[in-house]
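*Asks:* This is the structure I want to talk about, given as structure tokens.
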Amino acid sequence: MADYDIGYKKPPKRSRFKKGQSGNPLGRPKGQKQVAPAAHEERMKTLVMQEAYRLIEVSDGEKTTKLPLIQLLLRTMGVSAAKGGSRPMRYFMELLRSIEEENSAAYSAYIKQMIDYKVDVGREFERRKKLDPDEPDPVPHPDDIIINSHTGKVEVRGPMTKEDEVWWDRIEATEAEIAELTAMLEADPKNKFLKSELAHERKLRDILARAVPDYRPRPSRRKRI
């Protein structure tokens, strides 16, 4: 029998802490302190970007949808401008004009870069080709860069990297095989082997098309054949 009552604030002696012994020998875990960002960090920019693209649930008629915060703010400003608010209208138009000017300047710089590349690399490639007929083609090939002088539009109808060129070459080889098998099958329509091979090449072409969705026959290919 215990020599005292066991109850509230009176635990059994065997389970009590000894005098002078802490109930938490490791001490209270300290919380993480706020550490100032290093000189090279831009933590505020990161936080601003995270908040700007945080999804907000909004009502859209009878439905609800989620929009990035920045899109919601722009929509609110645009609606206020449409309702005749002079200040939102001015801010919205200034923002739109600055974006369009930046896009135009960036595209103009891109066109100039592609024209310079087409002229300079094309001239150097022709010089090297005369010295060494086995000189490998540059990537992208100057002939694959199509510049429309009327619209100012630039198209690259070919691979942009050596890795892309592997896919392009494989697609062109597959299409050439399909064309040859098709012609052979027209001359021998009952040939089961040709039918099987043609089906295989077409399936392969579909797989390659997913890998290079913007593929189109490149103009420079005609010069290499």
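*Asks:* Taking 0.36 nm per residue of separation and subtracting the Cα-Cα distance, what length does fully extending V121 through L69 add? Display every interim value, and only then the final one.
*Replies:* Working: separation 52, 0.36 × 52 = 18.72 nm, distance 4.54 nm.
Here the answer is 14.2 nm.
*Asks:* In sequence order, what are the phi-derived ³J(HN,Hα) couplings for the stretch 143-151 according to the Karplus relation 6.51 cos²θ - 1.76 cosθ + 1.60 with θ = phi - 60°, rounded to whole Hz, with x for glycine and proline?
*Replies:* 6, 7, 8, 9, 10, 8, 5, 7, 9
*Asks:* In whole Hz, what ³J(HN,Hα) sequence does the stretch 159-167 give by Karplus (6.51, -1.76, 1.60; θ = phi - 60°), x for Gly and Pro?
*Replies:* Couplings: x, 9, 9, 4, 5, 5, 4, 4, 5 Hz.
*Asks:* Report, to one decimal in Å, the Kirkwood hydrodynamic radius for the stretch 52-126 based on all distinct Cα pairs. Each step should come with its number before you reach the end.
*Replies:* On the way: mean 1/r = 0.0632 Å⁻¹.
Taking every pair of different Cα atoms in the stretch 52-126, averaging 1/r and inverting gives 15.8 Å.
*Asks:* Return the subset of K45/K66; K129/K153; K63/K83; K66/K153 for which the Cα-Cα distance in this structure is over 32 Å, preserving the input order.
*Replies:* Working: K45/K66 23 Å; K129/K153 29 Å; K63/K83 23 Å; K66/K153 36 Å.
From the list (K45/K66; K129/K153; K63/K83; K66/K153), the Cα-Cα distance tops 32 Å for K66/K153.
*Asks:* If I take every Cα pair under 8 Å that is 6 or more residues apart in the stretch 160-224, average their sequence separation and divide by the length, what percent do I get for the relative contact order? Intermediate values should be presented prior to the final figure.
*Replies:* Numbers: 26 pairs, mean separation 26.4, N = 65.
It comes to 41 percent, rounded to a whole number.
No value in this document is a laboratory result; all are computed from the given coordinates. What you see is a predicted model, and the numbers here were worked out from it, not measured in a lab.
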